[in-house]
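The values are calculated or read from the model by the stated rules, or taken from the named source; none is laboratory data. What you see is a predicted model, and the numbers here were worked out from it, not measured in a lab. No Cβ is skipped: glycine too gets one built from the backbone with ideal geometry, and neighbour counts run over all protein chains shown.
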């Protein structure tokens, strides 16, 4: 059973979390190449300040407002190195970043993404929300088999190098869904976005969702988590940045 270090970064700007991920990601790859015995695996939880991120295969035209409007609304915007198209991260959304070596789990990238979806589906099931997969689109959906009703509740986008992962998933818990009206979420123009709060018609205990997410992750991946407090000096205040 693999041991994974868990860290809750709480509310943090996207660039700070991205830089921290990169540090852990690069260290994990170095340790693998050096065949170190103690190769750390990581699981990061956080909420982000409002930000749009565009995957490397995404279309910039799926951002429906000008970048200067993002500035005015205090929304960051970053083209990044994960798969997938454009998505939103913000308050009330649980973002999960596993930095793990898939070879240690004996799985490939396709299976990994499916397992991330399984984790979210288990969390939703505990709230009597039926989450589903869509073979044509990553993530977790509600009413996936009904095109007129299908709505996305969790986005997934990952990057791997030498079978080590970074980026991950974003589950809409109490998310302000109005931010999605400024983008074509994940490149879709004909599908809606939802949240746990919207599906349940009430605000959801965020800390409770975090605990259920940790438990589901351990069950699906067959791992043990050890909690570590992030070093505060890693995170420096980062102003809103719009990247061309």
- The lone exception for residue 31 - which of (1) free of Cβ contacts under 8 Å to residues at least 40 places away in the same chain; (2) under 21 Å from the mean Cα position of the chain (by Cα); (3) within 20 Å of residue 225 (Cα to Cα); (4) assigned to a helix (DSSP H, G or I) it fails: (2)
- Query: Has region 193-200 got at least one residue that is on the phi < 0 side of the Ramachandran plot, assigned to a strand (DSSP E or B) and either surrounded by fewer than 17 Cβ atoms within 10 Å (Cβ to Cβ) or modelled with pLDDT of 90 or more (or both)?
  - Reply: yes
- Query: In the set 130, 95, which member is under 17 Å from the mean Cα position of the chain (by Cα), within 27 Å of residue 201 (Cα to Cα) and modelled with pLDDT of 95 or more?
  - Reply: 95
- Taking region 5-59 and keeping residues within 22 Å of residue 183 (Cα to Cα) and surrounded by fewer than 14 Cβ atoms within 10 Å (Cβ to Cβ) leaves 56, 57, 59
- Query: Quick one: what pairs do we get from region 196-218, first residue without any contact (Cβ under 8 Å) to a residue 60 or more places away in the chain, second in a helix (DSSP H, G or I) and buried (at least 17 other Cβ atoms within 10 Å of the Cβ), C-beta under 8 Å, 6+ apart or different chains?
  - Reply: 198/177; 203/197
- Message: Can you pull out every residue in region 103-134 that is in contact with a helix residue (DSSP H, G or I) (Cβ under 9 Å, 6 or more places away or on another chain) and assigned to a strand (DSSP E or B)?
- Response: 132, 133
- Exactly one of 74, 62 is surrounded by fewer than 22 Cβ atoms within 10 Å (Cβ to Cβ), touching a strand residue (DSSP E or B) at 6+ places or on another chain (Cβ under 6 Å), modelled with pLDDT under 90 and farther than 22 Å from residue 207 by Cβ, and that residue is 62
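Taking region 86-102, which residues are surrounded by fewer than 21 Cβ atoms within 10 Å (Cβ to Cβ) and either in contact with a helix residue (DSSP H, G or I) (Cβ under 8 Å, 6 or more places away or on another chain) or assigned to a strand (DSSP E or B) (or both)?
The first filter runs over region 86-102 and keeps only residues surrounded by fewer than 21 Cβ atoms within 10 Å (Cβ to Cβ), leaving 91-92, 101-102.
Within region 86-102, 92, 101, 102 qualify.
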- Residue ID - modelled with the lowest pLDDT, chosen from residues in region 39-59 that are in contact with a helix residue (DSSP H, G or I) (Cβ under 8 Å, 6 or more places away or on another chain), closer than 23 Å to residue 20 by Cα and outside any strand (DSSP E or B): 39
